[in-house]
Amino acid sequence: MLRVVDEAARTDAGRQRHANEDSYYARAPVYAVADGMGGAQAGEVASRIAAEAFDQRTDEGTPEQQLARVATEANRRIFELAQEDSSRSGMGTTLTGLLVDGDEVAIVHVGDSRAYVFRDGDLRRLTRDNSLVEELRRQGRLTPEEAEEHPQRSIITRALGPEQDVQLDVHTHRAHGGDVYLICSDGLTSMVREDRVREILATSESLRAAVDALVAEANQMGGRDNITVVLFRVGGDEPAGDGLAVGETVVGLAVPEPDTGEEEQVSPPPPVASPPVLPPAPEPVGYAARSHPPRRPRRRLRRVVVGLVVLALLGGVAAGVAAAIRSVYFVGQDDRGLVTLYRGVPYELPLGIDLYQDKYVSAVSARSLTPVQRRRLLDHQLRSRADAADIVRGLEQGRR
């Protein structure tokens with residue numbers, strides 16, 4: 001009979017985010033990571049709801065049923081809150097949760113957070129990303145190396161919250177004494193390659209040291225997103241190590257980083273602690289609702305994005321694509337030449353179907369920008385709501 005004998009966890013805002021939308025849950029025998037999305041404080045709210053839902057877990061049913069029930073309830077709460085509050089429309093969160101039960105570990109997963117097992121020096125992925133890029137990789141249209149570097153790899157096809165019903169990946173993994181399990185948000189895996197993660201786990205003196213090293217590595221590589229890492233080891237009667245006290249629940253602590261200068265498919269979601277929830281941030285200054293139809297944004301997305309959308313639609317994942325589109329934003333200009341914040345992706349399907357809609361139009365004319373600013377700011381790069389709004393707010397205030 002295995003049990004958790006050591007654990008350590010940490011969440012960090014990263015180097016380029018002002019807020020931390022990640023949450024994690026660490027209370028043996030359950031561990032989970034949730035990565036929120038939606039802009040303002042909506043992502044923080046969604047991930048915190050997912051993490052806190054594990055506090056209501058009961059022992060009724062199999063471990064897989066217990067995890068699925070928690071994730072389904074979290075999805076319901078997030079969806080209903082988004083319907084009640086327009087400022088949180090479209091908010092959601094990934095979720096990857098593990099439940100240790102005897103000699104097995106049950107897993108629930110949705111989105112692109114990940115779970116791994118480190119055994120005998122080998123690191124194996126236990127979950128499969130629910131993303132458009134992963135769909136292409138599985139069909140052989142992208143190599144693993146191309147998928148890791150793809151600019152649209154953060155577009156996910158499934159999450160908790162955007163839809164009333166959610167499809168979960170749930171499975172059970174056979175555990176061995178000495179296994180170390182890693183759960184993390186994509187703030188780690190988008191910055192640090194798996195072979196480097198394996199090397200850090202193999203050379204760290206303790207789980208606490210490994211957690212700190214992984215977070216530091218992600219920040220040193222750029223820290224473009226929030227970083228959350230949860231590690232735990234299973235064993236027999238070995239004494240607990242120097243990580244978190246077994247059974248402690250940690251709720252979203254964003255710890256500033258000190259300045260130090262093939263996979264087994266499966267999975268469903270779980271939750272965790274998350275940073276304190278602040279009131280929704282105000283919309284960018286100077287925005288006004290549009291009353292005129294926008295000019296089509298310039299078609300500057302790479303052809304592969306078009307392929308992703310078409311592939312996803314033809315593959316029967318229309319609902320997931322819709323959720324992904326609602327979670328991304330870009331900056332462009334409308335038919336009057338005003339800098340505009342759009343939600344979705346800058347592409348039109350046949351029959352006049354737009355995959356974007358304008359959310360705000362500023363008083364800034366694109367003609368007033370320098371050529372360099374136009375190229376950099378109106379490039380239709382997909383961003384989070386908060387990042388896109390920051391760009392337009394900066395233009396309004398003359399910072400860019």
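The values are calculated or read from the model by the stated rules, or taken from the named source; none is laboratory data. Quick caveat, the model's predicted, so the values are computed rather than measured. Cβ coordinates were reconstructed from backbone atoms using ideal geometry, including for glycine residues, and neighbour counts include every protein chain displayed. Keep in mind that these areas ignore ligands, DNA and RNA; they rest on the heavy atoms of the full protein, side chains included. Shrake-Rupley method; radii C 1.70, N 1.55, O 1.52, S 1.80 Å.
Between residue 335 and residue 120, with labels modelled 7 Å along Cα→Cβ, what's the label distance in nm to one decimal, could you check?
It works out to 6.6 nm between the two label points.
Which sequence of 37, 221, 91 reflects their accessible areas, 1.4 Å probe, from the largest down?
Largest to smallest exposure gives the sequence 221, 37, 91.
Excluding residue 36 itself, calculate the net charge of residues whose Cβ lies under 10 Å from the Cβ of residue 36, where each Lys or Arg counts +1 and each Asp or Glu counts -1.
-3
Can you work out the accessible area per residue across the range 8-80, with the rest of the protein chains kept in place, probe 1.4 Å, in square angstrom?
For the range 8-80, the solvent-accessible area averages 35 Å² per residue.
Rounded if a/c is under 1.5, else prolate if a/b is larger than b/c, else oblate: which is the range 1-155, with a ≥ b ≥ c the root eigenvalues of its Cα gyration tensor?
oblate
Could you report the accessible area of residue 5 in Å², rounded to 10, computed with a 1.4 Å probe on the protein chains as they sit in the structure?
Number for this one is 10 Å².
On full extension of the chain, what length is gained from residue 196 through residue 3, given 0.36 nm per residue of separation minus the C-alpha to C-alpha distance?
My answer for the length gained is 66.7 nm.
Sorted by average packing, counted as other Cβ atoms within 10 angstrom per residue and highest first, what order do 17-23, 168-174, 113-119 take?
Per-residue mean Cβ counts within 10 Å order the peptides as 17-23, 113-119, 168-174.
Please list, ordered by chain and number, the residues whose modelled amide H lies under 5 Å from the amide H of residue 175; skip anything fewer than 5 residues away on the same chain.
Result for residue 175 returns 104, 105.
Relative to the Cα centre, what is the charge dipole magnitude of the range 70-174, using +1 at the beta carbon of each Lys and Arg, -1 at the beta carbon of each Asp and Glu, and rounding to the nearest 20 debye?
Charge dipole, the range 70-174, about its Cα centre: 120 debye, nearest 20.
For the range 1-74, what does the alpha-carbon gyration tensor say about shape, rounded, prolate or oblate, given a ≥ b ≥ c as the root eigenvalues, a/c under 1.5 as rounded, and a/b over b/c as prolate?
Verdict is oblate for the range 1-74.
Under 14 Å from the 7 Å Cα→Cβ point of residue 86, by amide nitrogen: which residues of the range 33-72?
None, by backbone N distance to the label point.
I need the calculated FRET efficiency for the pair residue 357 and residue 167, taking r as the beta carbon distance and R₀ as 25 Å, to the nearest 0.05.
Taking R0 as 25 Å, the efficiency between residue 357 and residue 167 is 0.50.
Quick one: grab the alpha carbon gyration tensor of the range 161-202, order the square roots of its eigenvalues as a ≥ b ≥ c, and give me rounded if a/c is under 1.5, else prolate or oblate depending on whether a/b is larger than b/c.
The shape class here is oblate.
Each residue of the range 132-137 in order: what ³J(HN,Hα) in whole Hz does its phi give by Karplus 6.51 cos²θ - 1.76 cosθ + 1.60, θ = phi - 60°, with x for Gly and Pro?
Ordered by residue, 3J(HN,Hα) equals 5, 5, 5, 4, 5, 5 Hz.
From the phi angles alone, apply the Karplus equation (6.51, -1.76, 1.60; θ = phi - 60°) to the range 209-215 and give each ³J(HN,Hα) in whole Hz, x where the residue is Gly or Pro.
Result, ordered by residue: 5, 5, 4, 4, 5, 5, 5 Hz.
In the range 55-105, what percent of the accessible surface is made up of carbon and sulfur (1.4 Å probe, ligands and nucleic acids excluded)?
Using a 1.4 Å probe with all protein chains present, the range 55-105 comes out at 41 percent carbon and sulfur.
How do 326-332, 46-52, 76-82 rank on mean C-beta neighbours within 10 Å, highest first?
Those peptides, ordered most packed to least, come out 46-52, 326-332, 76-82.
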